[in-house]
Amino acid sequence: MMLREGDPPLRQIEKLQRINSVLINRIDRLEETRGSAWSMFQAAVALEQEVLARTRQLEQAMADLSQRNRELAVARAAAEEANRSKTRFLRAASHDLVQPLSAARLFLSALTDTPMDEQQKELTERLSGAFESVEQLMHAVLDISRLDSQRIEFHRQPVPLGELFRRLAAEFAPMAEAKGLRLSFVPTTAVVESDPVFLRRIAQNLVSNAIKYTNRGGVVVGVRRSGETGWLCVFDTGVGIPAVDRNRIFDEFQRLGNDAGTPGMGLGLSIVRRACNKLGHRISLSSEAMRGTLFRIALPLVHGDYERHPQPNTATNQLLRGRVALVVENDLAVRRGYEMILSETLGMVARVTGGTAEALATMGDEPPDIVIADYNLEGGDTGLAAIAALRNEAGRYLPAMVVTAHRDPEIARRCTEMKIPLVEKPVRPSELSEILIRLLS
């Protein structure tokens, strides 16, 4: 818009006003644009400062977290080392703890076979019960220690449940009879895959608990097949387990009720759960108040032929009489206990020695019928080394068994390779005679 000469002044004024208005609008728009950019610039600066502040806070948090992680790693390493030290101590101490108990068990068994008056019989029964309690507690502590170890190894192999039932029947018959209960084991030919030591411990704890918490009726143990699984079943007619307690009873030192007369420390089911979890055996529990409880353990079945050992009976017991048993044991008390049980109770000829060299010198030209060797001997000598040397000297296979207080899977593996039964201390005389009969028959 331009001014022309000749325009009236009023018209010129109007044009100047319009021009001025347009210029003012343009300036306003420029100012607005400039203000918006400035605001954006200021916002960007503020955002950058906020990001820097948050970054510093995040870096500090990450530094604190790293420090906490280092502290936790140190604490965890210390806890793991403490646990390993505990396991090493229990493993090392187990032999020294169980050794005198093993000797006492043998002496007590020999004592019960001698003529006694009523008071002496009562004393021996009470002593036997006290030893039983100590043995169970020691086994429980050692079992929990092993099962909590990260380095535990299991020796899986076919386990005939019929033989396991027979051993459990002999072990728990006196306990059930003392309470007036019926203890029944359903005959079975089922063979399952498991660790034989821990499977027996699982069954022992279930049967023991069933008897403890049953006051009338009885306990039935059997196996049910379901496809590829054999369910080990332990049923009792006891007090039952309330629903609110069915998880708690698997914790340590948990017992039903407050009956101080019921023996035990509440560790049995804790061992059952730990062992089953490690072995991958499922546990099933069903119970009804005052009508009993059923525990079931899922075990993989083994199909095909499996060599079963003959069961001892009155006829096979005669196999032991007059047979020569060579004992390799460095503890004098245990050696004397073996000598008394083998000679006076089982009618065998016992030769007791303290190590491999003495055993070889004692053998002479007449090899023994069977060898009983403790694994830990003096000066690094072992029962397996003694058996190997005796077999080599005899030039033939000699039946043998190894007794140990160390629950080491490597020892079990080597015994299996040499076809030697491994027995844990303390040895029960009934178990000793059963194994001797089995090996010699």
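No lab work stands behind these numbers, since they all come straight from the coordinates. All of these numbers come straight from a predicted model, not from anything done at the bench. For neighbour counting, all protein chains shown are included, and Cβ atoms are generated from backbone atoms with ideal geometry for every residue, glycine included.
Numbers for the structure displayed
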quantity: Inter-label distance for Met290 and Ser441, nm, one decimal - labels placed 7 Å from Cα along Cα-to-Cβ; calculated: 4.6 nm
quantity: Stretchable slack from Asn277 to Ala78, in nm (0.36 nm times residue separation minus alpha-carbon distance); calculated: 69.1 nm
quantity: Segment Arg26-Gln57, extension gain: residue separation times 0.36 nm, minus the distance between their alpha carbons; calculated: 6.5 nm
quantity: Burial order of peptide ranges 321-328, 374-381 (average beta-carbon count within 10 Å, highest first); calculated: 321-328, 374-381
quantity: Order of Met348, Met363 under a 10 Å beta carbon neighbour criterion, fewest first; calculated: Met363, Met348
quantity: Ranked list, fewest to most other Cβ atoms within 10 Å of each Cβ, for Thr353, Thr293, Thr416; calculated: Thr416, Thr353, Thr293
quantity: Neighbour-limited loop hits for trypsin sites (Lys or Arg not before Pro), the stretch 375-410 (at most 12 other Cβ within 10 Å; DSSP other than H, G, I, E, B); calculated: Arg396
quantity: Length released on extending from Gln42 to Asn392, taking residue separation times 0.36 nm less the Cα-Cα span; calculated: 116.5 nm
quantity: Ranked Thr362, Thr189, criterion: other C-beta atoms within 10 Å, fewest first; calculated: Thr189, Thr362
quantity: Overall dimensions of the stretch 156-300 by Cα: Rg and Dmax, Å; calculated: 14.4, 43
quantity: Rounded if a/c under 1.5, otherwise prolate or oblate - the stretch 347-441, Cα gyration tensor axes; calculated: rounded
quantity: Calculated FRET efficiency for the pair Arg126/Gln67, C-beta based, R₀ 56 Å, to 0.05; calculated: 0.40
quantity: For the stretch 314-440, share of DSSP beta bridges that run antiparallel, in % to the nearest 5; calculated: 5 percent
